[in-house]
Amino acid sequence: MAHVVSAIAAFFSIAFVPIIEARAAEINILSPGATEGVLNELLPQFDQASGHRAAINYGPAGNVANRVRKGEAVDVLISSAPEAERLRKEGVTVEGSQAIVARVGIGIFVRKGDPKPDIGTADAFLRTLATAKVIAYADPKLGGSASILVAEILNSLDVTGSIGTRTRLVPPAKPLVDLVAGGGVDFGFQPIPQIFLDPRIEYVGPLPAPYQQYTNYVASLVGTSKQQEAYKALLTFLDTPAAAKVFRSQGFEPR
């Protein structure tokens, strides 16, 4: 993380010329769906504090990266760290503009009112996984960073092949929540912040430490953007204690 922070500092020192009065600008952002709740709360505060206006769209992490590759008019992309690195190497985003804004772990959730499985320890999690009749998570082929990590975890544990036969893969976000909320699923896996977006489901807890995997969300300035000044203001705002408090309240760990 330190080298990312130092890189962004160097980028700012080169790319931004001091100004007497900031000009208001509109900054267009693409971001993974896991960030929807927190950014929908924070961006209006950013608008008010900075005088800029942020417009944002969401999608699976791999999907939003590909939209930028295809030339969608975007100023800022928030993506998983591996995607951010690929885009940097491809020259799609500005070298040195990358900055970690937060990280998020994977959580387990159930339909509201259903029994909550025991996942308090690594052994308890393994027992719960072994006895579950149906589990669900987003199809990793659709590019969600958390679902890719879940697939890797479960594949490493599925030595007998029994977990795969008890797994339901569906599109991310609402289809996954709809499936679990409809009943008949023991539990689902989801990025922790997304679990709090729907009142039909309840958060059980994070994956135990030996199995937990984190997604670092990295902001990058898209190479075609003319909004360097607004991007600098956005990163400054997201690094404030007030923003960190909002991140934590929704299951993120701020940088």
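Translational diffusion of segment 103-230 was estimated from the Stokes-Einstein equation, with Rh taken as the Kirkwood radius over Cα pairs; at 25 °C and 0.890 mPa s the coefficient is 159 µm²/s.
Taken along the Cα-to-beta-carbon direction at a fixed 7 Å, the label points for residue 72 and residue 160 span 4.3 nm. Where both bridge residues fall in the chain, DSSP classifies roughly 60% of the beta bridges as antiparallel.
Using 0.36 nm per residue of separation minus the Cα-Cα distance, give me the extension gain between residue 26 and residue 134 in nm, one decimal.
On the way: separation 108, 0.36 × 108 = 38.88 nm, distance 4.53 nm.
Length difference between fully extended and current span is 34.3 nm.
Can you put 70, 141 in order of Cβ neighbours within 10 angstrom, beginning with the fewest? Working shown, then result.
Details: 70 7, 141 11.
By the 10 Å Cβ count, ascending, the order reads 70, 141.
Backbone amide hydrogens, once placed in the peptide plane, bring residue 56 within less than 5 Å of 29, excluding anything fewer than 5 places away on its chain. Projecting label points 7 angstrom from Cα along Cα→Cβ for residue 168 and residue 63 puts them 2.0 nm apart. Taking Cα centre as origin and charging only the Cβ of basic (Lys, Arg, +1) and acidic (Asp, Glu, -1) residues, the dipole magnitude of segment 106-206 rounds to 220 debye. Once every Cα of the chain carries one equal point scatterer and solvent is ignored, give the base-10 log of I(q)/I(0) from the Debye formula at q = 0.08, 0.10 Å⁻¹, two decimals. Log-scaled intensity ratios, in q order: -0.33, -0.51. Helix 122-131: angle to the longest alpha-carbon principal axis of the chain, degrees 0 to 90, nearest 10? Compared with the principal axis, the helix lies near 60 degrees. Karplus-based coupling profile of segment 175-191, in residue order and whole Hz: x, 5, 5, 4, 4, 5, 5, x, x, x, 10, 4, 6, x, 10, 7, x, with θ = phi - 60° in 6.51 cos²θ - 1.76 cosθ + 1.60 and x standing for Gly or Pro.
Report the calculated FRET efficiency for residue 236 and residue 178 (r = Cβ-Cβ distance, R0 = 41 Å), to the nearest 0.05.
Working: r = 38 Å, r/R0 = 0.93.
In this case the efficiency is close to 0.60.
None of the figures in this text is laboratory data; all of them are computed from the coordinates on show. All values derive from a computational prediction rather than experimental measurement. Cβ coordinates were reconstructed from backbone atoms using ideal geometry, including for glycine residues, and neighbour counts include every protein chain displayed.
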